[in-house]
Amino acid sequence: MTEPTPATPRAARLAGPSRDGLAERLDAALERAVARMFELQHPDGYWWAELESNVTMVSEHLMLERFLGLRDETRWRKIVRYLLDHQREDGSWAIYYGGPGDVSVSIEAYFALKLAGYDPDSPPMARARRWILDHGGIGAARVFTKLWLALFGQFDWRALPAMPPEIIWLPPRFPFNIYEFASWARATIVAILVVWHYKPVVDIAPEEGVQELYLDPRDRRRIRYQRGERLLSWKNFFLSVDHVLRAVDRLPPHPWRERALAACERWIVAHQEADGSWGGIQPPWVYSIIALRCRGYSLDHPVMAKAIRGLLVDFALEDERWFTVQPCVSPVWDTALMITGLREAGVPADHPRLRRAADWLAEREIRFPGDWTVKVPRVEPSGWAFEFANDWYPDTDDTAEVLIALRLVKLGRDLGPLNARATAWLRAMQSSNGGWGAFDKDNTKRFVAEIPFCDFGEVIDPPSEDVTAHVVEWLALQGATRRDPAVRRALRYLYRTQCPDGCWFGRWGVNYLYGLGAVLPALAAVGEDRRSAPFRKAVRWLETHQNPDGGWGETCASYDDPALAGVGPSTASQTAWALLALLAAGETESEAVRRGVEYLIRTQEANGEWEEPYFTGTGFPRDFMLKYHYYRLYWPLWALGRYRRLLKGNPIHLPGCDPWS
């Protein structure tokens, strides 16, 4: 059967010409964008683009290869070019595009270049060395950077915080245990328990080392922790415990250590995913490989071979010039949001391309009882993960967006049982404060972040405004009202977390613009009064922060400095979030919305895409930022399509109805 032409249906077009041609230009922009989205679809039905972070991914990859004794000269030359091409003019490397240099990221990049044999006297290395020393040298680096240095004898293992393997035995009912850490931190920590015990060191030549990056030679054998201001604090408590544990570790080996190591090994092996990863993300993946190597696993062992192959194939990006590694892959997320964007743009619900994508999503429901069952037992497994393979950690955010997308496509088969099962799982995952975290319920014990090892970013997964809003929107589309107990508790959480000036924090996107783009559509979907103070304050905030060019933008630095909330160069994705928020607030015909729409139409490229160099995604606020390479595509498509639909007087998605027909 011949597929319909991938263009915007005539029935969805705005009727009649407008005075300045906006309707025609809007139609043309959507047609170009829809055609481009279909060109980018994978033959299997999904969409998937690069998830870009910072150079620690490829730096640590090269260090891992060196640790394992792997060496591919062609690949290493590409890694060197990638690192040099991403170096800032001042010699440093940043966490995000346009951001300031980061000392830990820069040290790891510098060390990787030396291990690859790059000339240490070259101008790029001289600039890097000077910048690192000006910013405190290795003494100012995070613990995880020092761990990588210790693997090659460049830092003293004995100075690192104690991570005894016996931690694995602490039961979930105990206040401090591995399940009080976020999923990403948990899988990383279990592997480090093994690595810390063995304290492996790979010998390297003196000229490959980084002794020149120490301002004080004593910093090679110490970590200068900043104690808590209050004498009785969790930070000071854990520092005292660390002192005791390191003293105990110097005693002769005790018989239970091997049993604890074996328990960690079993946990690691059991948690490996089908693609070879752990948790579907890079950090636990590389540390798990190192841990299993310490336990005697050969590189051709099935577990190790699968892990290494996954890193070199599934997560790697390689072309004629560069080789790099992604921190994660996002096909489920990209596909769900693309479907919704295309439907908003008027693509029919029974379009073969959408049906293929929806089938692909439906088949990826996770029916496995993962780590979430520790706190949510006796609930039928369901949900979706972010990646191709991550059965241990489905997340509520992806699940809500997948369900919304599936609802918009006519598949020709009954999804009722799937919807019921996944919705029940989402309801069970609601935290006690009314919100939803991403991977776990009530993962909120902030004191665990005070252990000395946890200086690498967010280590817990508390409820967030954006995830909560996405779940509320799905429940509303399923027919839940403000009287629904789960919705009522979620609304209290959302209103409680609104900032005094009217915006909402964005945990998984940058930042307050992302929060607003999630929360206001959810409040509107559940029937909240758009004339109420929370809505009006949010609208005023958005109007105040609109850029002169009509767009909106926000720098990643807003996580460090709230004064920068809503401040930054205009981007396509962030402008789309602002428009979605304003449209939800009933501002369809406002001047702010019109200017935002004009900005998106004006900045669209001839091939239907938008250009966006800036990072607008978030991994760990302040420490790990992300660039989703499709955010610049489906979010503007979504916002422009919704704008046109609302102008046509079609404000809601009705069950079983195509609102564009």
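Report relative contact order for region 469-548 in percent, whole number only (criteria: Cα-Cα under 8 Å, sequence separation at least 6). Display every interim value, and only then the final one.
Working: 80 pairs, mean separation 27.3, N = 80.
Taking the mean separation of contacting Cα pairs over the length of region 469-548, I get 34 percent.
Please compute the modelled spin-label separation between ARG594 and ARG536, points set 7 Å along Cα→Cβ, answer in nm with one decimal.
The answer from the label model is 2.3 nm.
Which one of GLN211, ALA185, GLN226 is farthest out on the positive end of the charge dipole of region 96-234, using unit charges on Cβ (Lys, Arg +1; Asp, Glu -1) and the Cα centre as origin?
Ranked along the dipole, the leading option is GLN226.
Quick check: residue separation of PHE237 and TYR225 times 0.36 nm, minus the Cα distance between them. What number comes out in nm? Mind showing how you got there, number by number?
On the way: separation 12, 0.36 × 12 = 4.32 nm, distance 1.27 nm.
So the extension gain works out to 3.1 nm.
Placing unit charges on C-beta atoms (Lys and Arg positive, Asp and Glu negative, everything else neutral), compute the dipole magnitude of region 330-497 about its Cα centre in debye, rounded to 20. Please list the in-between numbers first.
On the way: 22 positive and 25 negative charges, 178 e Å.
Charge dipole, region 330-497, about its Cα centre: 860 debye, nearest 20.
Just order 316-325, 132-141 by mean Cβ neighbour count inside 10 Å, highest at the front, would you? Could you put the intermediate results ahead of the total?
On the way: 316-325: 15.4, 132-141: 19.1.
Highest to lowest by the protection proxy: 132-141, 316-325.
Would you order ILE289, ILE223 from fewest to most other beta-carbon atoms within 10 Å of each residue's own beta-carbon? Write out the running numbers ahead of the final one.
Details: ILE289 24, ILE223 18.
Ordered from fewest to most neighbouring Cβ atoms within 10 Å, ILE289, ILE223 come out as ILE223, ILE289.
Please compute P(r) over all alpha-carbon pairs of region 510-652, binned at 10 Å starting from zero, and give each bin as a whole-number percent.
12, 45, 34, 8, 0
Only Cα pairs under 8 Å and at least 6 apart count here; give the relative contact order of the chain as a rounded whole percent. Spell out each step's value before the answer.
Details: 1170 pairs, mean separation 109.6, N = 661.
After rounding, I find 17 percent.
Could you pull out the pairs from LYS410/LYS627; LYS78/LYS114; LYS375/LYS445; LYS199/LYS306; LYS146/LYS199 whose alpha carbons sit more than 20 Å apart here? Provide the component values of the computation, followed by the final result.
Details: LYS410/LYS627 32 Å; LYS78/LYS114 14 Å; LYS375/LYS445 14 Å; LYS199/LYS306 24 Å; LYS146/LYS199 12 Å.
LYS410/LYS627; LYS199/LYS306, as the Cα separations exceed 20 Å there.
Report, in deg cm²/dmol and to the nearest 500, the calculated mean residue ellipticity at 222 nm for the chain, where each DSSP H run with n ≥ 4 adds -39500 (n - 2.57) and the sum is divided by the residue count.
Working: 22 runs with 294 residues, N = 661.
My calculation for the chain gives -14000 deg cm²/dmol from helical runs alone.
Looking at SER240, GLN546, THR616, which one has the Cα that reaches farthest to the positive end of the dipole of the chain (charges on Cβ: Lys, Arg +1; Asp, Glu -1)?
So the residue we want is SER240.
Evaluate the distance, in nm, between pseudo-label points positioned 7 Å from the Cα of LEU245 and of THR481 along their respective Cα→Cβ axes.
Placing both labels 7 Å along Cα→Cβ, they lie 5.2 nm apart.
Quick one, what does Rg over Rh come out to for the chain if you take C-alpha atoms and the Kirkwood Rh?
Here the Rg-to-Rh quotient is 0.97.
Round to the nearest 0.05 the FRET efficiency obtained for GLU543 and ALA159 when R0 = 60 Å and r is the Cβ-Cβ distance.
0.70
Calculated FRET efficiency, ALA305 and ALA270, Cβ-Cβ r, R0 22 Å, to nearest 0.05? Show your work: numbers first, answer last.
Details: r = 17 Å, r/R0 = 0.79.
Result of the calculation: an efficiency of 0.80.
Translational D (Stokes-Einstein, µm²/s) of region 330-497 at 10 °C and 1.306 mPa s when Rh comes from the Kirkwood sum over C-alpha pairs?
On the way: Rh = 16.6 Å.
Stokes-Einstein gives a translational diffusion coefficient of 96 µm²/s.
When the Cα centres of region 292-350 and region 604-636 are compared, how far apart do they sit, in Å?
18 Å
Be a star and scan region 428-448 for residues whose amide nitrogen sits under 13 Å from the point 7 Å along the Cα-to-Cβ vector of ARG492.
Counting only backbone N, you get 431-435.
Where Lys and Arg each count +1 and Asp and Glu each count -1, what net charge lies around PRO417 among other residues with Cβ under 13 Å from its Cβ?
Values: positive: ARG367, ARG413, ARG421; negative: GLU365, GLU380, ASP414.
Within the 13 Å Cβ shell, the charges total 0.
Could you size up the charge dipole of the chain around its Cα centre, putting +1 on the beta carbon of Lys and Arg and -1 on that of Asp and Glu, and report it in debye to the nearest 20?
Details: 79 positive and 85 negative charges, 356 e Å.
Value, rounded to 20: 1700 debye.
Every number here is computed from the coordinates shown, using simple stated rules; none is lab data. Note that the coordinates shown come from a computational prediction; the quantities given were computed from them, not determined experimentally. Backbone-built Cβ (ideal geometry, glycine too); neighbour counts: all protein chains shown.
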